[in-house]
Every structure is written in C-alpha cells, then in structure tokens.
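The values are calculated or read from the model by the stated rules, or taken from the named source; none is laboratory data. Quantities reported herein were computed from a predicted structural model and do not represent experimental measurements. Every residue, glycine as well, gets a Cβ built from its backbone with ideal geometry; the counts of neighbours run over all protein chains shown.
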Amino acid sequence: MPSNKVVSLAEAMSHIRSGMSIAIGGFIGQGDPLTLIDYLKTMDVSDLTIYENDGGYRDRGTVELVEQGKVKKLVASHVGTTPAIGKAVNEGRLEFEPVPQGTLAEMMRCGGAGIGGFLTPTGVGTVAAEGKQIITLNGRDYILVPSLRVDVALIRAHRGDTWGNLIYRGTSRNFSVPAAMCADYVIAEVENLYGIGELDPEEVHTPGIFVDAVVRANIGYCVVREEPIVTNGKV
Amino acid sequence: MASNAKEIIARRAARELKDGQIINLGIGLPTLIANHVPSGVDVIIQTENGAIGVGPAPAPGCEDRDRANAGNQPITLNPGGSYFDSATSFAMIRGGHLDATFLGTLQVDEEGNIANWIVPGKMLAGMGGAMDLVTGAKVVHIVTEHCAKDGSPKLLKRCTYPLTGARECDVIITERALFRRYPDKGFVLEEVARGYTLADIAACTEMSYTVSDNVKLDAYGDEEES
C-alpha cells in the first residue's frame with residue numbers, strides 16, 4: 001500500500017524556513033494554492049525567493065507575502081495584475097527577475113527531470129539574454145538557461161489521493177505540474193481527497209511520486225466540492 | 001473614440017484570419033478580435049494559461065473559476081478543445097505549432113522590434129507569454145492604436161523601452177493603417193483607413209516605410225458588415 005502523505009497544514013508547512021526558495025503553482029488566481037499561502041502569511045519567515053508565473057491576482061496571493069516583507073526576490077513572468085508588486089519593485093522593496101513564461105515553465109520541468117539546462121530561442125536580443133550564454137546551433141541563436149531546483153513547492157489540485165496522485169481541473173493545471181517536479185519538498189492542497197485506488201489512473205496529471213505532503217484545501221476556496229469516499233485516508 | 005478605434009482595429013485584424021488557423025490572442029484589445037471572425041472562417045484559439053479550442057464567453061451565472069483565459073476572463077471550450085499544463089502550452093507556442101499571434105504593444109519599430117512589457121521605473125507588467133509568442137508563432141501581428149494617449153507616435157525608428165522581441169513583428173494594424181514587413185523592403189504601407197490620407201499617416205508615423213504601389217486607400221470599410 002502506498003504511504004499516506006496526508007498531514008496537517010502546520011506539519012507540512014513547518015518545512016519552510018527563512019531564506020528558502022519556493023516554487024508556486026497557479027496563474028493569476030487560477031489554481032493558486034491559497035490555503036498554503038494563507039498559512040504562510042501567519043509564519044515567522046523572511047528572505048524567501050519565490051518562483052511563480054505571477055504574483056497572484058489583484059490583492060490576493062503571493063502579493064500578500066510581498067506586502068508583509070517576507071519575500072526577498074520574486075522570479076516571475078507577469079506581475080501586471082498585482083499593481084502592489086510593481087510598486088514594491090519600483091520602491092526598491094522587492095528584487096524582481098522577469099522571466100519569459102515558457103522559459104519559467106521549462107526551468108521547472110527540466111529541474112525536475114534531471115536536465116541541467118536547455119536552449120531556448122525565446123528572448124534572444126532582449127534583457128532575457130543578459131548575462132546568459134548564447135549558443136548557435138544549425139544557424140539559430142539560443143539562450144542557455146540553467147534549470148531550476150527549489151527547496152519547496154506549493155501547489156493546488158482539484159482531486160488528490162492519499163499518496164499524492166493529483167488531478168487538476170480546467171485551466172487551473174498550469175504551473176502546478178512543472179512546479180511539482182522541481183522541489184525537494186512538494187506540498188499539495190487538494191479540494192477533494194480520495195483514498196488509494198479511487199482515482200482513475202488514466203486521469204492522473206501529477207503522479208504521487210512527485211508529492212511529499214497532501215493537505216485539505218480550505219473549503220471556502222474550493223471551486224467544485226465533491227463528496228469523496230475516503231476509505232483508507234485517515235482524515 | 002478610443003474604444004471605437006479598438007473596434008476598428010479588431011475588425012480589420014480579424015480579416016487577416018484564415019480558415020483553420022490556430023491562433024493566440026493577447027490580453028486586452030487582441031481579445032476583441034474573436035468577436036469579429038468573418039463568417040465562413042473557423043479558427044482555433046489557444047490561450048497560454050492552458051487551453052485550446054476557446055469558445056464564446058459563458059452565459060452570465062455560468063462562469064467557472066477553473067475555466068478562464070490568460071486575462072482571467074471566463075471562457076467556454078468548443079468541442080474538441082482541451083486543457084494542459086504550462087510546459088505543454090509553451091511547447092505549442094515556442095515549438096512553432098501556432099499559425100499566428102495578435103498582440104498589443106507600447107512601441108514597435110521599423111526593424112520589427114516590439115516593446116510591450118515595461119516602462120522602466122513606471123509601469124511593470126512583465127513579458128508574460130509574449131516573448132515566447134513572438135518567437136514561436138509563424139506570423140506576429142501587432143494590433144495597436146496608431147499613437148499613444150498623449151499623441152506621440154508608437155511606430156518608431158527605434159524602440160526606446162526594453163524589447164519583447166527582436167525583429168519579430170510581421171504585420172502592424174492600427175485604426176489608421178496596415179503595414180506589412182517584407183525581408184527585402186522592411187515595412188510597406190498597404191492600407192490607409194477611410195478618413196485618413198497618405199500625408200496623415202506620414203505625419204503620425206516615425207518609422208520609415210515604403211508605400212505599396214497597390215496601396216489601398218479608403219480601406220477598412222468595405223467588409224465592415226460581413
């Protein structure tokens with residue numbers, strides 16, 4: 001029987017310490033792991049480096065951690081939907097490294113796949129190439145991008161089982177799949193928790209091998225609430 | 001007036017679409033293009049946050065937070081559509097699987113350089129998926145009002161803001177004119193919208209361009225009600 005990775009929110013989040021690097025799934029609110037982010041808001045940690053597509057949506061999400069001063073550096077592709085982040089950057093309160101969206105996704109995927117780096121044509125001739133090595137292959141210029149490994153990943157799924165097999169819903173899948181691959185410790189909040197064998201193996205998006213801890217999402221943040229038949233999860 | 005200009009741009013841009021194309025529309029003005037797809041033309045819309053086959057907006061009350069586009073507007077999916085993760089989405093985009101993209105911009109210049117993600121010290125949006133889109137899509141359309149809000153030109157000799165893409169723009173569509181870029185000639189003025197003259201365009205365009213021998217004057221209006 002695969003192990004039961006269901007733990008309390010406090011136990012899962014106790015792996016986060018000041019100075020750590022964290023990858024976060026979600027896309028301007030779609031699939032953002034708000035249960036985990038809300039808990040992080042209550043923790044006494046600082047100097048975090050966060051890798052995420054964006055900073056959340058409006059005043060909700062990682063932007064709240066930035067406003068609390070917990071974040072030293074944000075590596076993201078788009079912060080246009082969280083004006084407070086642009087303000088923090090322009091006021092020198094936050095270090096910001098812009099990365100093209102596809103490059104960020106591939107950095108995470110490669111980091112989780114044991115690949116040291118990759119060659120992308122995206123951003124040649126722009127700031128995305130600054131400080132990076134350019135490699136010419138078959139007549140085309142590519143940027144050599146090192147892959148990403150982080151300490152912790154925070155993701156959200158629509159369904160999960162007790163071993164951490166995950167199924168996402170609609171466009172909430174986005175960065176949770178690559179983020180789950182690149183971290184030493186992966187925490188998934190799930191809207192609907194199932195027992196082993198209760199998810200259709202044909203439908204699993206993130207196999208449980210990538211996941212270290214499963215916690216229940218705050219019911220208030222669930223998009224579609226099901227009534228799972230948890231038969232062997234001790235919840 | 002401004003929103004009218006956006007509608008004019010979207011309507012003209014939609015006439016660039018060819019049946020069967022797979023396209024990605026940027027946030028804002030480009031999204032309006034979906035409302036003007038000519039009859040008889042069927043295109044497949046990809047959205048970089050992870051869906052292809054984007055259909056009409058849902059009826060009021062039927063919105064679903066797990067079904068939205070890259071601008072967070074609620075979507076539906078047409079039959080045959082699918083959802084995927086971001087790494088897969090950008091395999092489509094970077095990998096050359098999209099026929100065309102339509103993006104707004106802050107600046108575009110005569111070499112086809114595009115700048116649309118930051119005004120240093122003032123506006124910080126980030127490039128999002130735009131750098132990948134201009135690199136990977138087969139045809140890159142810039143859809144933009146001809147001049148900035150203060151009346152200054154947006155079609156420049158040289159972009160002054162940090163670039164999104166170097167030499168990536170193929171077509172510029174504004175409410176006043178359409179320019180197409182050719183490898184040997186640079187940008188060529190091919191259409192001037194009704195209400196403007198060649199001299200008007202020259203006066204509000206900083207980038208250099210040539211005027212097509214077959215330039216279409218009084219354009220944009222003929223298929224308005226298609």
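Being within 28 Å of A:Met1 (Cβ to Cβ), within 14 Å of chain B (Cβ to nearest Cβ) and out of contact with any helix residue (DSSP H, G or I) (no Cβ under 6 Å at 6 or more places or on another chain) is the requirement here; does A:Glu203 meet it? Spelling it out, A:Glu203 is indeed within 28 Å of A:Met1 (Cβ to Cβ), within 14 Å of chain B (Cβ to nearest Cβ) and out of contact with any helix residue (DSSP H, G or I) (no Cβ under 6 Å at 6 or more places or on another chain). Listed by position, the strands (runs of 3 or more DSSP E) contained in region B:34-145 that have at least 3 residues being aliphatic (A, V, I, L, M) and more than 7 Å from chain A (Cβ to nearest Cβ) are B:139-143. Every listed requirement among (1) touching a residue at least 40 places away in the same chain (Cβ under 8 Å); (2) out of contact with any Leu (no Cβ under 8 Å at 6 or more places or on another chain) is met by A:Asn165 save one, (2).
Do we find that A:Leu74 is among the hydrophobic types (A, V, I, L, M, F, W, C), without any contact (Cβ under 8 Å) to a residue 60 or more places away in the chain and within 14 Å of chain B (Cβ to nearest Cβ) in this structure?
yes
Among the residues of region B:29-86, those that are surrounded by 22 or more Cβ atoms within 10 Å (Cβ to Cβ) and among the small types (Gly, Ala, Ser) comprise B:Gly50, B:Ala51, B:Ala68, B:Ala70, B:Ser86.
The strands (runs of 3 or more DSSP E) located wholly in region A:4-115 that include 3 or more residues which are under 15 Å from the mean Cα position of the chain (by Cα) and aliphatic (A, V, I, L, M) occupy A:21-24, A:71-76.
Close Cβ contacts (under 9 Å, 6 or more residues apart or on different chains) running from residues in region A:176-198 that are under 11 Å from A:Ala105 (Cα atoms) to residues that are at pLDDT 95 or above and among the basic types (Lys, Arg) comprise A:Ser176/A:Arg156; A:Val177/A:Arg109; A:Pro178/A:Arg109; A:Met181/A:Arg109; A:Cys182/A:Arg109; A:Cys182/A:Arg149. Confirm whether A:Leu144 is more than 12 Å from chain B (Cβ to nearest Cβ), part of a strand (DSSP E or B), within 21 Å of B:Ile93 (Cα to Cα) and not charged (D, E, K, R). In short, yes. Step by step: first the residues of region A:78-134, then only those that are small (Gly, Ala, Ser) and facing chain B (nearest Cβ under 9 Å), then the one that is surrounded by the fewest Cβ atoms within 10 Å (Cβ to Cβ). Which residue is that? The selected residue is A:Gly125.
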